[in-house]
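Notes for the one structure printed next.
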Amino acid sequence: MNDLRDQSDVGGSLVKRSARVVKTELRETVHTFAAMTSTAAQIPGVTLAYALELFLDRLAPTVAAADHTLIRRFLTKNFFAARDSVKNVPVNHVTFIRGAIGIGGVDTATVAAQGLFVVPYLAEAAGQHLGQDMQARISETFDTNNSATREIVMADVVRNGLAYIQKGASGYSMDTQQQIIERITAEVQAQMRTEGLDPLAPENQANFSARRDSRVGIAMKLMGLPEKSEFLFDASTMVRNVTRALGYRTPEGIESNLSFILEKRSQLTTISAQRAVEVAENWVRDDGSDTAKQALAILRETADSLSLIRSGIKSGATGVRRALKVREQLTLLSYEGPIEYLVPLLPEFWVTEYSAAAAQAAALMFRQSLYSVLTREGLDLLFASPNNAERFGKEAKASALKLLREAHPEALAIDSVENLSPDLMFELKLRTQVEINRVASDEARKSKAEAYQPPKSDWVSRRKAVRSGKGSSNCI
C-alpha cells in the first residue's frame with residue numbers, strides 16, 4: 001500500500017510540475033505574441049513622428065528644435081504625444097486577455113449583433129414609412145439569409161476581431177497608463193516649479209523623468225497593470241536600436257540614472273558640432289592661447305569625422321570605427337544634468353591627443369552649443385549677455401576660479417588671476433561665461449517659483465482613502 005501511495009504521489013507531482021511548465025510556456029508565448037502584434041500596430045504612427053522630428057531638427061533647428069517653439073509645441077501635442085503614449089507600454093498575458101479577449105470579444109460580439117439583428121430590425125422599421133417599393137429593396141438588402149449581406153457582416157466581425165488581437169493588449173495598458181501619466185506629470189511639474197526648477201529645461205529632464213516614472217510605476221502596479229520589468233520591445237525600441245547601431249550610444253559602466261539627449265535626437269549632432277566650431281573660432285580670435293587653438297582643432301576634427309560614409313571613403317574601416325567612437329563620445333557629452341558631470345565624461349582620445357584643458361574647453365563648447373539649440377536662451381548660452389555679465393559677473397568669476405583650482409591643483413599656488421598661464425586664463429574665461437549663465441538661470445527660476453498646491457483628488461480616490469483609513473484603524 002505504501003508503495004502504491006508513493007507511486008501515486010510521484011505521479012501527482014510530475015503532473016503538477018508539467019502543468020506549471022505548460023502554464024509558464026503559455027504565458028510567455030502569449031506575452032511575446034502581444035508584444036509583436038503591438039509593435040506591428042505602432043510602426044506607422046511612430047515612424048511618422050520620428051521622421052517629422054528628424055526632418056525638422058536637421059533642416060530647421062532654430063525654429064523647430066526647442067520645446068518652446070510653436071512648431072515643436074504643435075507636434076508635441078499631436079504626433080509626438082501619440083508616439084510617446086505607446087512608448088515603453090508593457091503588455092503581458094493579463095493585458096492580452098483583458099484587452100483582446102475580454103473587451104475585444106464583447107465589442108466583436110456587439111458588431112455581429114448589430115449587423116445581423118439590430119440594423120436589419122431598424123431598417124425594416126424605417127422601411128414601413130418609405131413606401132412598398134423602398135420597403136422591398138430594404139428587406140432584400142438586409143435579409144440575413146442574403147449571402148452578400150452575411151459576407152459584409154462577417155468581414156466586419158473578422159476585421160474588428162483582428163484589430164483587437166493586434167491592439168487590444170497595448171490599448172488596454174496604454175489607455176490606463178496615459179491617464180496616470182497626465183495626472184502625475186502635472187503634479188511633478190508643479191512640485192519642481194515650487195523648487196525653482198524649470199521642468200522643461202534640458203538639464204532637468206533626467207530629474208523630471210525619474211520623479212514621474214517612479215510614481216507612474218507605483219500607480220500602475222496598484223491598478224494591476226504589468227510593471228516595466230515585463231516590457232519586451234516596441235516600435236520605439238526598434239528605432240532606438242538603430243540609433244545605437246549608428247554610434248549614438250553610451251559605453252558600459254555609465255550611471256543608469258543619467259539621460260543623454262543624442263540617444264533620443266541624434267540628428268542634432270551635426271548642427272551642434274558646427275555651432276561649436278564657430279564658437280571656438282571666435283574664442284581663438286579673442287584669445288591666442290594654445291588651449292583655444294587646440295580646442296578649435298578638436299572640434300574641427302570632430303565635425304569632419306561625424307559622417308560614416310565620408311570617413312569610410314577617406315580611411316576605410318579605420319575611419320568608420322573612428323566615426324562611431326566620436327559619436328559615442330559626443331553622446332556622453334549630451335547628458336542631461338549639471339555641469340559637474342562633465343570632467344569624468346571627457347573623450348579619452350581628446351585628452352591623449354591634445355590636452356586635458358583643451359578637451360574640457362571643447363567639451364564645454366559642444367555641450368553649450370547643443371543646449372543653445374534646445375533652449376529659449378539660444379545663442380545667449382554660448383556667450384553671456386552684457387546685462388547678465390554686469391549683474392552676476394563677480395559671483396560667477398569667483399565660482400569659476402574655485403572650479404578651476406579644483407580641476408588644476410597647480411593653480412592653488414597662484415595668488416592672483418593675472419599670474420595664471422595663458423591656457424588657464426582661457427579656461428577661466430570659458431568657465432566664467434558658463435557660470436554667468438548658470439547663475440542667471442538660477443535667479444530666473446527662483447523668481448518664477450510658484451506656491452505648490454496639491455491637485456484635488458476625485459471622489460473615487462477620496463472614498464478609497466477614507467475606506468483604507470477605516471480598515472487600518474480597525475486592524476489596530
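The values are calculated or read from the model by the stated rules, or taken from the named source; none is laboratory data. The structure displayed is predicted, hence computed values, not measured ones. In this analysis, Cβ positions are derived from the backbone assuming ideal geometry, glycine residues included, and neighbour counts consider all displayed protein chains.
Against the test of being crowded, with 19+ Cβ neighbours inside 10 Å and farther than 25 Å from Q433 by Cα, the options M238, M192, M223 yield a single qualifying residue, M192.
Just one of the listed residues (G312, G316, G288) is outside the structural domain of L54 (by TED's automatic domain parsing), over 19 Å from the mean Cα position of the chain (by Cα), on the phi > 0 side of the Ramachandran plot and surrounded by fewer than 22 Cβ atoms within 10 Å (Cβ to Cβ), namely G316. The set of residues in the stretch 65-101 being more than 22 Å from P44 (Cβ to Cβ) and among the acidic types (D, E) consists of D67 alone.
Of everything listed in (1) within 24 Å of S170 (Cβ to Cβ); (2) part of a helix (DSSP H, G or I), the single unmet condition for V91 is (2).
Whenever a residue of the stretch 95-122 is polar (S, T, N, Q), its partners that are part of a helix (DSSP H, G or I), lying with C-beta atoms within less than 7 angstrom and at least six residues away or across chains, give the pairs T95/A34; T95/A169; T95/Y172; T95/S173; T108/V157; T108/N160; T108/G161; T108/Y164. Taking the listed residues A35, A81, A64, the one that is at pLDDT 80 or above and farther than 22 Å from S266 by Cα is A35, with no other qualifying. Exactly one residue among T250, T269 is modelled with pLDDT of 90 or more and crowded, with 17+ Cβ neighbours inside 10 Å, and that residue is T269.
Whether a residue is under 25 Å from M36 (Cα atoms) and among the basic types (K, R) was assessed, and R159 passes this test. Checked against the criterion of being among the hydrophobic types (A, V, I, L, M, F, W, C), outside the structural domain of Q368 (by TED's automatic domain parsing), in a helix (DSSP H, G or I) and within 18 Å of T375 (Cα to Cα), the candidates L56, L52 yield just one match: L56. In this entry, R244 is excluded by the filter for residues that are charged (D, E, K, R) and either at positive phi or in contact (Cβ under 8 Å) with a residue 40 or more places away in the chain (or both).
Here is a list: R73, R137, R83. Which entry is basic (K, R) and buried (at least 18 other Cβ atoms within 10 Å of the Cβ)?
Criteria check complete, one pass: R83.
Taken over the stretch 167-183, the criterion of being more than 14 Å from D84 (Cα to Cα) and either of a type in the set (G, A, S) or crowded, with 19+ Cβ neighbours inside 10 Å (or both) is satisfied by K167, G168, A169, Y172. Listed by first and then second residue, the pairs with beta-carbon distance under 7 Å, at least 6 apart or on different chains, first residue in the stretch 203-214 and touching a residue at least 60 places away in the same chain (Cβ under 8 Å), second among the charged types (D, E, K, R) and not in a helix (DSSP H, G or I), are E203/E336; N204/D198; Q205/E336; A206/E336. Screening the candidates R159, R137 for the property of being part of a helix (DSSP H, G or I), within 23 Å of A109 (Cα to Cα) and free of Cβ contacts under 8 Å to residues at least 24 places away in the same chain yields one hit, R159. Residues in the stretch 217-276 that are farther than 26 Å from A41 by Cβ, under 18 Å from the mean Cα position of the chain (by Cα) and part of a helix (DSSP H, G or I): I261, L262, L268, T269.
Here V216 clears all of (1) closer than 19 Å to I261 by Cα; (2) out of contact with any Ser or Thr (no Cβ under 6 Å at 6 or more places or on another chain); (3) crowded, with 17+ Cβ neighbours inside 10 Å except the condition numbered (1).
Does the stretch 44-57 hold any residues that are surrounded by fewer than 14 Cβ atoms within 10 Å (Cβ to Cβ) and of a type outside the set (A, V, I, L, M, F, W, C), and which are they? Within the stretch 44-57, P44 is the sole residue that qualifies.
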